Amino acid sequence: MADEIPEPRAGLKTALVFLMLFALLGAVLVFAYFATFNRPVTTVILIRHAEKVVDPNNPDVDLSPAGQERAQELVRMFADSGVNAIYATQYKRTQETVRPLADKLRLPVTLVNSTATSELVRQIHSEHRGQTILVSGHNNTVPEVIAALGGPQLPVIPETEFDNLYIVTVYRTGKAKLVKIKYGSSSTAEAERGRAKQTGPSWDGYIRRGKVQVRAGGSGWSVDGVGVSHTEELYDSSDAAKYVLTRLKGQVHPGSDLLPNGQVPFNVTKTPAGTRIAWVCGKDLHYIETNSYDAALALLKDWHLESCD
């Protein structure tokens, strides 16, 4: 009598194997779901330091009276908003901007070097996940932190603007959403008390530098009725920005040639068509173009470009 092949038993085993695989896959999906959606939402509030005292001989200046008033505005806005941690850089102007709020909330101000963006973001993710964090930085570091948190790439904050406030919401999936608002008195209003007035909205995009597309932004200004355009190009390092500056036509002048007590070197190009003045702040190359050299100097004075942060 021939042996019978136990087909039903083999089919049962196959079915059990598939059931186990589906159960395992389901467990993985459930774990992934809870691992993702159980992560708390993290809120990071970022500001540039408030208005500072202009003193080219002191790289670590205090806030001006206008800056101290803006710091008090942060107390009014965030005293009851659930801020859990406050960060600033090694410079007094960033610490003094958040000190009144820190005192009100009885929170320490944690210092992180202005060049250590990656360390700041690491601390936010590892020590403050699900919390609300306030960060006081500089016009070039605030956009860096926003991008490192997963937000968009923003241009450097204009030298004359101190009233921007950015709220980055980092969601459970790791994606981030940015909201930008204004707070306190208008920086534009303060700037317009000088000779220079912004004549239109800022722009943000790319320009071609040789064969390379460079992230850039800018704005239009009027100085006593004379038009001046301002452009800033964003580079990966200060050395890269300084290299591009050296490749521009024109003559390099020490800052004191253009502004009293000036410390920022300027590249000046004069042609029958007008004047271009270029300089580097941090990782960014700036230049203004106008048909009036006097208007260009007036704009630099209104922007307090004896030094830059």
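The values are calculated or read from the model by the stated rules, or taken from the named source; none is laboratory data. The model shown is predicted, which means the values in this text are computed figures rather than measured ones. Backbone-built Cβ (ideal geometry, glycine too); neighbour counts: all protein chains shown.
Odds and ends about this structure:
- Inspection of the stretch 60-78 finds a residue satisfying the criterion of being out of contact with any strand residue (DSSP E or B) (no Cβ under 9 Å at 6 or more places or on another chain), at pLDDT below 95, closer than 21 Å to Val156 by Cα and of a type outside the set (A, V, I, L, M).
- Extreme residue, modelled with the highest pLDDT, among residues of the stretch 46-57 that are closer than 21 Å to Pro158 by Cα and surrounded by fewer than 21 Cβ atoms within 10 Å (Cβ to Cβ): Val53
- Qualifying positions in the stretch 233-271 - in contact (Cβ under 8 Å) with a residue 40 or more places away in the chain and among the hydroxyl-bearing types (Ser, Thr, Tyr): Tyr235, Ser237, Ser238
- Test result for Lys211, out of contact with any Pro (no Cβ under 7 Å at 6 or more places or on another chain), farther than 15 Å from Ile288 by Cα, surrounded by fewer than 18 Cβ atoms within 10 Å (Cβ to Cβ) and modelled with pLDDT of 90 or more: no
- Pairs where the first residue, in the stretch 206-232, is not assigned by TED's automatic domain parsing to the domain that holds Pro158 and aliphatic (A, V, I, L, M) and the second is assigned to a loop (DSSP other than H, G, I, E, B) and surrounded by 14 or more Cβ atoms within 10 Å (Cβ to Cβ), C-beta under 7 Å, 6+ apart: Val223/Arg195; Val226/Ser292
- Within the stretch 99-115, the residues that satisfy the criterion of being loosely packed, with under 15 Cβ neighbours inside 10 Å and in a loop (DSSP other than H, G, I, E, B) are Arg106, Pro108, Asn113, Thr115.
- Of all residues in the stretch 170-189, those that are within 19 Å of Met77 (Cβ to Cβ), at pLDDT below 80 and surrounded by 14 or more Cβ atoms within 10 Å (Cβ to Cβ) total 1.
- Pick from the stretch 117-169, criterion in a loop (DSSP other than H, G, I, E, B) and within 15 Å of Thr89 (Cβ to Cβ), ranking: modelled with the lowest pLDDT: Ile157
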